[in-house]
1. Please give the peptides 72-78, 312-318 ranked by average Cβ packing (other Cβ atoms within 10 Å per residue), highest first, as a rough proxy for protection.
2. Around residue 262, what is the net charge, scoring Lys/Arg as +1 and Asp/Glu as -1 over all other residues with Cβ under 15 Å from its Cβ?
3. Quick check: convex hull of the Cα atoms in region 181-328, volume per residue, rounded to a whole Å³?
4. Mean projection of the alpha-carbon convex hull of region 63-163 over all orientations, in nm²?
5. Take residue 445 and residue 64, extend 7 Å from each Cα along the Cα→Cβ direction, and tell me the distance between the two endpoints in nm.
6. I need the peptides 355-367, 334-346 ranked by packing, meaning the mean over residues of other C-beta atoms within 10 angstrom, with the highest value on top.
7. By the scheme Lys and Arg +1, Asp and Glu -1, what is the net charge of all other residues having a beta-carbon under 13 Å from that of residue 426?
8. Could you sort 460-468, 95-103 so that the peptide with the highest average Cβ count within 10 Å comes first and the rest follow in order?
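Since every read-out is calculated from the coordinates, none of them should be taken as a lab result. Small disclaimer: the values here were computed from a predicted structure and weren't measured. No Cβ is skipped: glycine too gets one built from the backbone with ideal geometry, and neighbour counts run over all protein chains shown.
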Amino acid sequence: MVLSAGFMFIGLEPGSILLSSVLCGLLLALVALGFFAVAPDRLLRGVAVWRAEILAGLWGLLGVLALLGASFRVEGELGWFPVFGADGPSLPMLAILACVGALAGRGRACVACVLACMGVLALSPLVFGLFTGTALVLLAGRGKRGLCLPFAVLPACIPADSILSVPLLGVMVVLVGWAVSVQRGPLAVLPACIGLFLLGRLLAEVGELPLLPQVVLLLCGGAVACAGLAQAMRQQQALSLVAGLAAGWYGMLVFALVLALSSPLGGADTFRTTVILGMGAPVVALLGVLWLARRWELESGAGLHTPLARCLMGVVLAQCSVLPPCGGFLVLWSALAGAGYSVEASQPAMALLVVGLVVFFVALGVVFSAGLLRAALVFLPHRGGGAGQVQAMVLPLWLCAVLGSIMAFFPGLWLFVADHLVVGPPLPPVTWQDVTTVHFIGHSARLTPVLVLLGVALVVLAVGLLVRLLGFMPFDRSARQVEAWRQGAPVCDVAAAEGGAEEDVLPLWSAWHGFFFAPAVVTALRGPGTGGALFRRAVFFWRYARRSLFVAVGWCEAQGMVLILLLMGVGLLAGLFVGK
């Protein structure tokens, strides 16, 4: 049965036990979640103290049922209740929404997550628009956002082949990006999931778009990504900073989704894998960062004062970044592989355009990692600020770090479960070797994150052995403190030199100082005139350049081993990307 706006479902027998069990379990869990989210304490009585634990358990049950149905490719509808059903994209998206709801809390936030889940399971586009539009209204609250955001789901209510479909999709992308950037906490991922779900369905129904509609959607996705990353680089508050990162990641996924579903590129199927990987480990880790930002704001900047909490924070931040072999790096590698296959199968002009688009995508990923670094600096506690602090519960960080690491280091599991998250050719049966690799159908490119992690661990171990055997510390501080403008300059002890002591350091600084500041030399450089503002500025810039040179040379001498390791890493990455 095919409905308007790209909602397609394959009807199964009403007596299918697995289909009935999964759908009934999902609907019952959603009803129970809605009840426990809004029921007053006097109605729950003694159970009210366990409200948070009950909500977390129900969201966990919902996620397990969604993953089970996605693994067994459950698709169809209930014959006795033809309002909700399940198909390929709905169940993997429902698993992601379960993670969002588990971290969102109770009240209005929990109700918004429940409505979004029911909208994902809806058979009719009108029912989808009703549930998801209400969820967006609950997220927006009052004011102009509450008036504008419901229009984001308007493309679901018109035919997919309408002339207004592409302009409304562009408006939807911008409005959802706005909704993501103004949220506080894990709820920032909720409108992004709604927008990506609707955009993927409609683009799958329309198929390949003409050049101008593609440009419009790519511009909208790029504008949302740039605006979100600009917010992340400007804001000082933790919640606004991380919300900007979420908006930037949403814009990047929109960018890749348009290339995967609406472009005639030869490597479009690899961009489909890019979107699926981008909805896996990076999104789960980003949920942990969003939860941490909300917790940090509620505790008035208490920070992370325990080593365990700091380690977990480092894990979730790393899984969002483009550092190998983390989750963001898998997305970047998949995009580069897709660009390579697209360039091979395209004409020169189109190949040049693909290269420009992927370079822009990679640049967004680099800026996103810089924003993560700013977030890490914000979350670090001030010196001495952790004294007497009570250790907080970091179970959500544990869950996000463990799930994100499993999805990143064993990407085949997530690719198998979320195979139909984006419409495309199904993956072949999964083998033990495919569990640890990222591969593409019909292409030879493969990446094994576990092997990359092993290589990084061996390099760190080798550096540790060198430090242990040779007694060399790459980041050792200088024993002698001098003025800031003389940092890195060679020092000559004049008193020891006059006493006849032999020095190991050449007296270059004293020689140059004596030469340039001798009266005859100063007179010659100054010229016949008395010297004016121009000469004084030239002397100032000369001193500044000399100071910078000394600092750079001293740093390179002290960090030689680190520079060598960085150059080796750049060479390995270059060989990985461009090697034959």
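1. For the peptides 72-78, 312-318, the packing ranking is 312-318, 72-78.
2. -2
3. 100
4. Averaging across all directions leaves 7.7 nm² for the Cα convex hull.
5. 3.8
6. The packing order, highest mean first, is 334-346, 355-367.
7. Spelling it out: positives minus negatives among the neighbours equals -1.
8. So the order, starting with the most tightly packed, is 95-103, 460-468.
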